[in-house]
Amino acid sequence: MAIGALLLLAGNAFAEDFYIRNATVHTATAQGTLRNADVHVRDGRIVAVGANLAAAGGANVFDAGGKSLTPALFGGITEIGLEEVSGEASTVDSSVTLKDAQPARPEFDATLAYNPDSVLLPVARIEGIGFTLVGANNGGAFVAGQGGVVRLDGSADPIGPRALFVTLGDDAAELSGKSRAAQWMLLEQMVDEARGRIPATSPHALLTPAGRATLAKYLAGNGRIVFSVNRAADIRQLLRWANKQKLRIAIAGGTEAWKLGDELARAQVPVFVDALADLPADFDRIGATLENAARLHAAGVVVGFTQAGDNSHNARKIRQLAGNAVANGLPWEDGLAGLTRVPAQAFGVGDRVGAIAPGKLADLVLWSGDPLDVSSVAEKVWLGGKAIPMRSRQTELRDRYLQGSPSFPRAYSK
């Protein structure tokens, strides 16, 4: 406890006014990478970026030794803070399942259950993860509800606007009449309800009054709708429908999105791909390829990253996704952008995070080597200019059991 308190005090003092000297600064902006550059931080924000910045009197100086400095990374679309133990239902708050079947509860806001004290936060942030989009899961409805961006600094509230989450294709079949066609039928009716073309008193109404009001907000362009979808045919239909409804959308997954690169680029739809998806895991992913990100980028699509599976407990793997995409043709700078600037801008928080530039929050990571190489590690993390203790439940367990004990079995060592 004493060590932790000292680290926090040191972090708070260091956050006031300090310089990071002699860094390879990957800005994630149009400036690109600056070598032998300095970053000036004051009161939790970046003041200046450049070479040979004149240090103010009394400011602390940290020598980066030429190592890579990046913005704190995006952890993908996760349930961090909404899930503690994935196999224990009482600790999972990311989805709504009601007794009366409801294909849509857009008013459900998963961020209301966000727990900033979750042990998953330090596990992710010591790996350089500074923010994530906590999302509603389609456990009980294919229009799952809302989520939002949270910084992993321990803040209790999300930042920026909410996003609405919808699942399409086979993954939502059981929640939508077991037909892809039924998904569009239901979505069309929900739009008609939200726009007042079907009265709220209709015995066939799908939305509650609160649901109508929430969906109407997104239909008016106030917030982005994130569609989890993989099959090219479903993505094509989504683009047509979104254009008809004038919606701001993003795609998560997008295993076969590369087949529609030109259409996605024209529609200016960002795609958050799982760059580890290289096998035809099901009939929605027959066209899986490790070149998905590179092909989308070549077509002019803005590419970010998110992962399938246990993405909350394994948020650290997001760097491997970006590294795989780079190894398969995506330019390095765009691989980093997919973990920083792209998600920040797509989800409405680009004015605060996702880049190293004056005015941004000083959410920074110093790396031992190439940030997109899994053999590199985060050596130092600052969130809001505060040095984060590089400790988590996992490191504490590691240290405990590595110590051993002469008088007890290893499992009982103190």
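Per the Cauchy relation, a quarter of the hull surface: what is the mean projected area of the convex hull of the alpha carbons in the stretch 191-309, in nm²?
Details: hull surface 32.6 nm².
Answer in nm², one decimal: 8.2.
I need the Debye-formula profile for the stretch 120-230: one equal scatterer per C-alpha, no solvent, reported as log10 I(q)/I(0) at q = 0.17, 0.19 1/Å, two decimals.
-0.88, -1.01
So what is the diffusion coefficient of the chain in µm² per second by Stokes-Einstein at 4 °C and 1.567 mPa s, using a Kirkwood Rh over Cα pairs?
Details: Rh = 22.4 Å.
Translational D for this selection: 58 µm²/s.
What is the sum of charges, Lys and Arg at +1 and Asp and Glu at -1, for the other residues whose Cβ falls under 14 Å from the Cβ of ARG341? Don't skip to the end; give the middle numbers.
Values: positive: ARG352, LYS360; negative: GLU333, ASP334, ASP351, ASP363.
Result for the local shell: -2.
Under a point-charge model restricted to the Cβ atoms of Lys and Arg (+1) and Asp and Glu (-1), what is the dipole moment magnitude of the chain relative to its Cα centre, in debye to the nearest 20?
Here the size comes out at about 500 debye.
So what's the gap between the Cα centers of the stretch 226-296 and the stretch 10-78, to the nearest angstrom?
Between the Cα centres of the stretch 226-296 and the stretch 10-78 lies a distance of 35 Å.
Which links in LYS317/LYS380; LYS67/LYS360; LYS178/LYS259; LYS259/LYS380; LYS67/LYS317 stretch past 28 Å when you go from one Cα to the other?
Working: LYS317/LYS380 18 Å; LYS67/LYS360 21 Å; LYS178/LYS259 25 Å; LYS259/LYS380 40 Å; LYS67/LYS317 21 Å.
With Cα atoms farther than 28 Å apart: LYS259/LYS380.
What does the accessible area per residue of the chain come to in Å², with a 1.4 Å probe and no ligands, DNA or RNA counted?
Values: 17910 Å² over 414 residues.
Averaged over the residues of the chain, the accessible area is 43 Å².
Taking each pair of different alpha-carbon atoms in the stretch 64-139 once, compute 1/r for the pair, average those values, and report the inverse of that mean as the Kirkwood hydrodynamic radius in Å to one decimal.
Over the stretch 64-139, the inverse of the mean reciprocal pair distance is 14.2 Å.
Take the chain, connect every pair of alpha-carbon atoms lying under 10 Å apart with a spring to form a Gaussian network, then pick out the residue of ILE129, ILE46, ILE198 with the largest mean-square fluctuation.
ILE198
Counting alpha carbon pairs within less than 8 Å and at least 6 residues apart, what relative contact order, in whole percent, applies to the stretch 20-60?
29 percent
Which percent of the accessible heavy-atom area of the chain goes to carbon and sulfur, probe 1.4 angstrom? Could you put the intermediate results ahead of the total?
Values: 9360 of 17910 Å².
On the chain, the fraction of accessible area on carbon and sulfur atoms equals 52 percent.
Can you list the HN-Hα couplings for the stretch 205-211, worked out from phi with the Karplus curve (6.51, -1.76, 1.60; θ = phi - 60°), rounded to whole Hz and with x for Gly and Pro?
4, 9, 10, 6, x, 5, x
Along the charge dipole of the chain, Cβ charges K/R +1 and D/E -1, which of GLY359, ALA322, VAL374 sits furthest on the positive end?
So the residue furthest toward the plus end is GLY359.
In whole Hz, what ³J(HN,Hα) sequence does the stretch 107-117 give by Karplus (6.51, -1.76, 1.60; θ = phi - 60°), x for Gly and Pro?
6, 5, 10, 5, 5, 5, 9, 4, 10, x, 9
With +1 on each Lys and Arg Cβ and -1 on each Asp and Glu Cβ, and nothing else charged, work out how big the dipole of the stretch 149-270 is about its Cα centre, in Debye to the nearest 20.
Values: 17 positive and 12 negative charges, 87 e Å.
Magnitude of the dipole: close to 420 debye.
What order, most packed first, do the peptides 241-250, 33-42, 87-96, 16-25 have when packing is the mean number of other Cβ atoms within 10 Å of each residue? Don't skip to the end; give the middle numbers.
Numbers: 241-250: 16.2, 33-42: 19.5, 87-96: 14.5, 16-25: 21.6.
Order by mean packing, descending: 16-25, 33-42, 241-250, 87-96.
Please list the non-local residues whose amide H lies under 5 Å from the amide H of ASP109, H modeled 1.01 Å from N, same-chain partners needing a gap of 5 or more.
GLN146
If you average the sequence gap of Cα pairs under 8 Å that are 6 or more apart and divide by the length of the stretch 161-212, what percent do you get for the contact order? Don't skip to the answer; put the middle values down first.
Values: 29 pairs, mean separation 11.3, N = 52.
That works out to 22 percent.
I need to check one value: relative contact order of the chain, counting alpha carbon pairs closer than 8 Å and at least 6 residues apart, in percent.
Values: 956 pairs, mean separation 80.1, N = 414.
Result for the chain is 19 percent.
Taking the Cβ of ASN222 as the center, what net charge do the other residues with Cβ under 10 Å away carry, scoring Lys and Arg +1 and Asp and Glu -1? Provide the component values of the computation, followed by the final result.
Details: positive: ARG162, LYS217, ARG224, ARG248; negative: none.
Net of charged neighbours comes to +4.
PHE272's amide H: which non-local residues (gap 5+, or another chain) put their own amide H closer than 5 Å, with H modeled 1.01 Å from N in plane and none for Pro or chain starts?
ILE251, ALA252, GLY253, GLY304
Determine the percent antiparallel among the DSSP beta bridges restricted to the chain, to the nearest 5. Working shown, then result.
On the way: 33 of 62 bridges.
The antiparallel fraction comes to roughly 55 percent.
Of ASN52, LEU175, GLY154, which is farthest on the positive side of the dipole of the chain, counting Cα position, with +1 on Lys and Arg Cβ, -1 on Asp and Glu Cβ, and the Cα centre as origin?
In the chain, that residue is ASN52.
Taking R0 as 35 Å, what FRET efficiency do you get between ARG391 and ASP278 from their Cβ-Cβ distance, rounded to the nearest 0.05? Could the numbers behind the result be given before it?
Numbers: r = 35 Å, r/R0 = 0.99.
Computed FRET efficiency for ARG391 and ASP278: 0.50.
So what does log10 I(q)/I(0) come out to for the stretch 291-414 at q = 0.09, 0.12, 0.17 Å⁻¹, using the Debye formula with one equal point on every Cα and no solvent?
One equal scatterer on each Cα of the stretch 291-414 leads to -0.36, -0.59, -0.99.
Determine, for each peptide in 214-226, 54-66, 165-177, the mean count of other beta carbons within 10 angstrom over its residues, then list the peptides with the highest first.
Details: 214-226: 18.9, 54-66: 12.3, 165-177: 21.0.
The most tightly packed comes first, giving 165-177, 214-226, 54-66.
Give the lysines whose C-alpha is closer than 27 Å to that of LYS217, dropping any in the same chain fewer than 8 places away, or say none.
LYS99, LYS244, LYS246
Within a Cβ distance under 13 Å of GLY160, other residues only, what is the Lys/Arg minus Asp/Glu net charge? Can you show the working numbers first?
Values: positive: ARG151, ARG162, ARG224, ARG352; negative: ASP157, ASP351.
Value of the local net charge: +2.
Debye calculation, C-alpha points only, no solvent: report log10 I(q)/I(0) for the stretch 87-175 at q = 0.18, 0.20 Å⁻¹, in the same order as the q values.
Each listed q corresponds, in turn, to -0.82, -0.95.
The values are calculated or read from the model by the stated rules, or taken from the named source; none is laboratory data. What you are looking at is a predicted structure, and each value in this text was computed from that prediction instead of being measured. Note: ideal-geometry Cβ built from the backbone for every residue, glycine included; neighbour counts use all protein chains shown. Ligands, DNA and RNA are stripped out before the accessible areas are found, and what is left, the full protein with its side chains, is counted by its heavy atoms. Shrake-Rupley method; radii C 1.70, N 1.55, O 1.52, S 1.80 Å.
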